[in-house]
Each structure stands twice: as structure tokens, then as C-alpha cells.
Amino acid sequence: MQSFHDIPIKRKLVIIMMLTTTTALLLAGIGIVVSDSVLFRQYLQRDLSALSRIVAENSTAALAFNDPQTATETLAALRAKPHLVNACIYRPDGTILARYSRPDAPSGCPPMRVQDELQFAGNDLTVSRAIVLSGRRIGTLTLDYDLDEIPERMRLYSATVLGVLLFSSLVAFLISAKLGGVIAAPVSQLVRATTAVSETNDYSIRAQKFSGDEFGVLVDRFNEMLAGIQTRDKHLRTALQDREEALRDAEKAHERFRFMAESMPQKIFTATPSGDVDYFNRQWLEFCGLTFEEIKNWGWIQFVHPDDVEENIRSWRRSVETGEPFLFQHRFRRADGEYRWHLSRAHAMRDTAGNISMWIGSNTDIHEQKEKEEELRRANDDLQQFAYSASHDLQEPIRDVAVYSEIIAKRYDDRLDADGRQFLGFLKEGGRLLATLINDLLAYTRAGVVEGTVSTTDTSVALEHALSSLAEAIRESDAVVTHGPLPHVYIGDAHLQLVFQNLISNAIKYRKEERPQIHVSAAAQGADILFSVQDNGIGIDPQYKEKIFGVFKRLHRDQKYSGTGIGLAICQRVVERYGGRIWVESTPGKGATFFFTVPRHTTKIRSATVESSAS
Ligand code: ADP
């Protein structure tokens with residue numbers, strides 16, 4: 001059977017209302033019946049007492065004259081009271097003067113009572129009253145009244161109460177059924193809406209509001225809750241769609257990447273953030289003749305040249321740890337066993353939070369290029385050797401030309417005509433130019449060699465030496481050379497002096513009409529010292545600012561600015577040997593500033609030293 005808790009609210013409400021109404025009515029009915037029986041008894045007492053007084057007073061004469069006839073007539077009037085069973089008038093001696101008995105009642109008067117009293121006994125109420133004349137008791141009246149009226153009334157009242165109860169219950173049922181509907185309807189509606197939402201997951205459904213009471217508030221809150229869920233659901237769906245779209249995009253990008261990687265001539269790979277290689281393109285597998293399973297993760301190490309393995313692993317691990325790009329040249333063993341030089345590059349791909357999501361790398365076969373470089377390096381070395389030997393060996397004959405042309409000029413001057421002297425002049429000038437060129441060439445070939453271990457050089461001392469070697473030019477041009485604080489740097493003393501010498505001599509040479517003003521300064525820049533040599537000369541057209549550092553590259557061919565076009569090439573060679581760089585910034589007509597960097601530490605220099613000694 002369904003428990004009370006489980007039955008519908010409407011029925012619950014009807015039951016509660018019916019129970020309440022019926023109980024109230026029942027209690028009221030019982031109350032009425034009980035109070036009526038109590039009140040009726042009191043009423044009977046009063047009524048009978050009054051009746052006895054009237055009868056007693058009316059019987060005084062009959063008793064005084066001992067007239068049973070009149071007394072009986074007086075008592076006969078009591079017939080009107082159907083519940084009066086017996087009425088007796090006693091003489092003072094207790095004998096009966098007159099009496100009345102209801103026809104159905106057993107006749108007989110009870111023994112006379114001496115005192116006035118009103119007494120309930122069994123189903124009877126008996127009243128005894130003295131009949132008094134002039135203050136003297138002349139007889140007694142007794143009325144015997146049955147109480148059958150009380151159960152009668154009770155029955156009547158009970159029947160009435162029952163009728164009212166039934167009628168009221170029916171009315172209450174109808175009202176409660178109607179009112180219950182009014183209360184239950186919003187709840188049922190709310191239940192329907194909730195069921196519909198849970199079955200369809202459609203959060204746009206809204207419950208209908210019927211009233212402004214608590215149910216109305218409940219419906220409002222419920223609808224607000226649905227609206228909130230709907231918005232959240234919408235956001236969630238959008239986020240989900242975005243995510244799906246992003247995933248699709250990522251998949252497409254991934255496919256595109258794979259397609260691109262497979263169709264490229266280079267060998268492509270990808271690796272996890274921890275450096276395990278998780279993809280090699282077809283070119284890779286064809287090159288090494290191994291399967292992906294054999295070379296995945298760190299399996300690729302097996303085809304790296306044994307001499308390159310250690311450095312390769314170190315370099316790759318450093319990149320994985322720091323996230324810095326991986327750039328490395330090493331040899332890979334081809335399927336036929338031949339090792340070929342490759343340039344490997346890998347870059348870390350980062351997500352929006354900046355975390356490495358993967359590594360993408362390429363390996364380019366640079367074997368031919370490497371061989372050509374080697375050939376070129378050898379040819380360059382040979383050429384340099386030749387240039388060095390040639391310029392070295394040419395020094396002697398050129399000195400001879402200078403010496404002998406001087407001797408001819410001194411000894412045979414009087415024997416030479418004007419043409420002869422002029423030609424001799426050409427010869428001397430040519431010899432001088434040749435000597436300068438040879439000296440510059442020698443300086444250039446030497447500029448690339450860093451000898452032994454480099455120690456710190458006091459820049460101010462190097463500058464001082466450079467200036468003293470340029471003393472004549474400075475004096476002639478009346479140049480002013482100033483400088484700021486100069487640090488100690490890791491560069492060969494002679495090399496730094498050579499750079500200053502070339503830059504300052506150029507600053508003097510390429511001056512304008514005004515007095516040359518040259519300023520040398522130095523400033524720290526990361527791991528380097530940045531030097532600048534600033535002048536107020538003719539300046540350089542920016543389009544030539546790279547070209548002028550080439551060997552024999554000159555912007556001025558006229559007599560006004562003599563030179564061999566090697567000075568800046570020497571400076572570049574020196575600076576680059578120490579891992580630095582040199583460049584110029586200038587506005588034509590407003591002077592030029594040459595900048596060059598020199599490392600503050602030895603690390604860069606050592607590798608340069610190794611490089612140059614290897615060459
Ligand atoms: P050289 O001075 O012997 O011609 P350099 O290699 O020293 O050769 O210089 C190359 C060219 O750069 C010069 O011919 C000149 O045109 C230009 N140049 C160098 N220094 C300066 C300078 N301070 N001001 C203007 N031009 C300069």
C-alpha cells in the first residue's frame with residue numbers, strides 16, 4: 001500500500017483538510033451534546049423546582065380545607081408534562097391527599113420526605129416541597145419526573161451533529177479538492193517542468209508562475225536557476241566547440257606538418273619536451289636504412305659519427321634543459337656506411353603558457369658544402385702563405401729599388417736631364433707605394449694569427465702606442481685625439497694597437513678642411529667591450545658601409561687620399577679573430593664613427609686561437 005508520504009500532494013491536502021475539518025466538527029458536536037445534557041439537567045431542576053412551587057401554592061387551599069377533589073384537579077393539570085411520572089400531595093401526617101400518575105406509570109407515591117429537596121435517583125428526578133400557609137407547613141408536594149428526555153435529546157443532537165458532520169465533510173471535501181488543486185497545481189507544474197528538463201536536457205524550458213506567494217518565489221528561483229544553467233551550458237558548449245575546433249585545427253596542422261615534412265628534401269624530426277625523438281620523416285629512414293622503432297627516442301645516436309657523439313649529446317641535452325635552439329654540425333652514417341656531414345637545427349615550440357610542447361628539427365646534408373669549405377680553406381691558407389711569402393720576399397727587392405733609386409738620384413743627378421729626373425721620381429714613388437702595399441699585405445696576413453695565450457691588454461697603453469706611431473700625421477694635421485675611460489681587455493696588445501692605428505689614421509686622412517677631432521671611447525656591452533672611434537671627417541655614404549671592409553676596397557682613387565684599401569680589412573680580420581665584430585655608422589659630410597667589439601673574457605678568444613692555429 002502507498003504510504004501517506006508517497007501519495008500526491010493534492011490528495012494529501014484533501015486528506016489533511018478533511019481530517020482537520022471532521023475532527024473539529026466531531027469535537028464541536030460532542031461538546032454540544034455533552035454540554036446540552038449537563039445544561040438540560042440544570043434546566044430540568046430549575047423547571048421542576050418552579051413547577052413544584054406553583055403546584056404547591058395552588059394546592060394550599062385544597063390542603064387547608066382537606067379537599068382531595070380540588071387537589072386532584074390541581075394535580076391533573078400536570079398532564080401537560082409527559083415526563084412527569086407521579087405527583088403526590090401529603091398531609092402533614094404523611095397520608096396522601098391527592099395524587100397524579102401518568103397512565104403508563106406504576107401508581108404509587110413514595111414515602112413523604114420531611115425536607116425540601118431535589119434529588120436525582122436512577123432515571124428519575126424527585127422534588128419534595130413543603131406546602132406552607134401563613135408560615136406553617138400544612139403538607140408536602142412530591143413530583144417524580146423521569147429523565148427519558150435526556151437520552152432522547154442526546155440521540156436527536158447526535159443525529160443532528162452526524163448529519164452536520166456528513167454534510168460539512170462533503171462540503172469540506174469539495175472545497176479541499178478545489179483548494180488542494182490550487183495549491184498543488186503550481187507544484188505539479190514545477191514537477192512537470194523539472195521532469196521535462198531532466199529528460200530532454202533542454203534548459204530553455206521555464207516553469208509557469210501562477211501566484212506571487214511562496215510557490216511564485218519558488219518558480220522564479222527555479223527559472224533563475226535554469227537560466228543560470230542554460231548560460232553555463234551555453235558557455236560550456238561554446239568552450240567545447242572551441243576545443244573541438246582547436247583539436248581539429250591541431251589535427252589539420254599536424255597533417256599539414258607531416259605532409260610537408262614527408263615532401264621536403266631535408267630530414268625532419270620532432271621530439272618530446274624531454275628530448276626523446278618521436279618522429280622521423282621518410283627521408284631520414286631512407287638515409288639511415290633503419291626502422292623508426294630502431295632509431296626512436298635516443299636510438300638515432302647509433303648513426304652519429306663516434307667522434308661527434310659526446311658533443312652531440314651534450315649540446316642536445318643543453319638545449320632541452322634551457323630551451324635554446326639546437327644548432328650542430330656532425331656526421332651521420334648513411335645506409336651504405338658512408339658518413340656525411342649534416343647541419344642539425346631544432347627549435348622548441350611553446351604553448352601559450354610558454355611551456356615547451358615539442359621540438360621540431362631539420363638535418364640538412366652539407367657534406368658537399370663542407371668539402372668545398374675545406375678546399376677553400378686549404379686554398380685560402382695556400383694563398384695566404386703565398387701572399388705572406390711573396391710580400392716577405394718582395395720586401396728585399398723593393399727596398400733595393402728604393403735604395404738604388406736614391407743612390408742614382410744622389411750620384412747621377414748632374415748627369416740626368418729633366419726627363420731622367422722625372423722618371424727617377426716616378427720610380428721612387430712607385431717603390432714607396434709598393435713598399436707600403438707589401439707592408440700592408442704582410443700586416444693583413446699577420447692580422448689573422450693569434451699567437452700563444454692571450455693576456456689582458458691595457459687599452460690606454462695600446463692607444464698611446466698607436467698615437468705615437470701616428471705622431472707625424474697628428475702633428476701635420478693638427479688633429480686632437482681624446483678618449484674616455486679605457487678598460488683592460490683580452491686582445492693581443494699589438495693587434496689592438498694595429499686596429500687603433502688604422503682607424504685613427506683614416507680619421508685623420510679622411511678629414512675635412514677643419515681641424516680633425518677624434519674621440520675614442522669604450523663601454524661594456526654584455527660579455528664584450530664596445531669601442532668607438534669617432535671623427536668629424538668627410539663621412540661615408542651608408543651604401544658603402546660594408547664594402548669598405550673588403551681587401552683593396554677604396555672609395556677614393558684620387559691623389560688627395562692615398563692608400564692601399566687594406567687598413568679596414570686588417571681591422572676586421574683582427575677583431576673577428578677575437579670573436580668580435582666591426583662596423584661603421586656615418587652621415588656623409590658629418591664624420592664617421594667606427595665601432596668594434598672585443599670580448600671581456602677569454603672563452604671567445606680561445607676558440608678563435610684554436611681556429612686560427614688550426615688554419
Ligand atoms: P685606405 O684608407 O687605405 O683607402 P681602408 O681600408 O683603410 O683603405 O679604408 C677603405 C675606405 O674606407 C677608404 O678608401 C675610405 O674611402 C673609407 N674610409 C675609411 N675610413 C674612413 C673615415 N674615417 N672617414 C671616411 N672614409 C673612410
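Solvent-accessible surface of the chain, averaged per residue with a 1.4 angstrom probe and all protein chains in place: 59 square angstrom. The length gained on full extension between residue 200 and residue 77, counted as 0.36 nm times the residue separation minus their Cα-Cα distance, comes to 35.3 nm. Modelled label positions at residue 412 and residue 393, each set 7 Å beyond Cα in the direction of Cβ, lie 2.8 nm from each other.
Using C-alpha pairs below 8 Å separated by at least 6 residues, the relative contact order for the chain is 7 percent. Computed extension length for residue 370-residue 421: 12.7 nm, one decimal, from 0.36 nm per residue of separation with the Cα-Cα distance subtracted.
If you take the Cα Rg of the stretch 488-568 and divide it by 2.2 N^0.38 Å, with N the number of residues, what do you get?
Taking the Cα Rg and dividing by 2.2 N^0.38 Å, one obtains 1.19.
Between residue 148 and residue 356, the modelled labels are 11.9 nm apart [label points 7 Å from Cα along Cα→Cβ]. Sorting 167-173, 228-234 by average packing, meaning the other beta carbons within 10 Å per residue, from highest down gives 167-173, 228-234.
A convex hull fitted around the alpha carbon atoms of the stretch 218-307 yields 123 Å³ per residue.
Relative contact order for the stretch 321-387: what percent, with Cα pairs under 8 Å and sequence separation of 6 or more? Spell out each step's value before the answer.
Details: 83 pairs, mean separation 16.1, N = 67.
Answer for the stretch 321-387 is 24 percent.
Taking the 1.4 Å solvent-accessible surface of the stretch 419-490 as the whole, the part contributed by carbon and sulfur is 57%.
Indicate, rounded to the nearest 5 percent, the antiparallel portion of the DSSP beta bridges found entirely in the chain. Walk me through the intermediate numbers first.
Numbers: 75 of 79 bridges.
Close to 95 percent.
Cross-link pairs exceeding 24 Å between alpha carbons, from the set 428/512; 428/509; 372/545: 428/512; 372/545. Summary of the geometry: the stretch 300-366 and the stretch 47-95, compared by the centres of their Cα atoms, lie 143 Å apart. Leaving ligands, DNA and RNA out of it, report the carbon-plus-sulfur percent of the accessible area of the stretch 19-116 at a 1.4 Å probe. Of all accessible area on the stretch 19-116, carbon and sulfur atoms account for 61 percent.
I need the peptides 366-376, 570-580 ranked by packing, meaning the mean over residues of other C-beta atoms within 10 angstrom, with the highest value on top. Write down the numbers at each step before the final one.
Working: 366-376: 12.5, 570-580: 22.9.
Highest to lowest by the protection proxy: 570-580, 366-376.
The residue 23 and residue 45 beta-carbon pair, evaluated with R₀ = 30 Å, returns a calculated FRET efficiency of approximately 0.35.
Ligands, DNA and RNA left out, the accessible area of the stretch 221-286 computed with a 1.4 Å probe is 58% carbon and sulfur. Per residue of the chain, the DSSP helices (runs of n ≥ 4 H) give a summed -39500 (n - 2.57) that works out to -18500 deg cm²/dmol at 222 nm. Rounded if a/c is under 1.5, else prolate if a/b beats b/c, else oblate: with a ≥ b ≥ c from the C-alpha gyration tensor eigenvalues square-rooted, which is the chain? Note, shape of the chain comes out prolate. To make sure I understand the rule: partners must be lysines, Cα under 26 Å from the Cα of residue 178, and not fewer than 8 residues away in the same chain. Which ones qualify? Candidates past the 8-residue exclusion: 10, 12, 209.
The values are calculated or read from the model by the stated rules, or taken from the named source; none is laboratory data. Here the structure is a predicted model, which is why all the values come from computation and not from measurement. Quick reminder, even Gly has a Cβ in these numbers, built from the backbone with ideal geometry, and neighbours come from all protein chains shown. All accessible areas refer to the heavy atoms of the entire protein, side chains included, with ligands and DNA or RNA removed. Shrake-Rupley method; radii C 1.70, N 1.55, O 1.52, S 1.80 Å.
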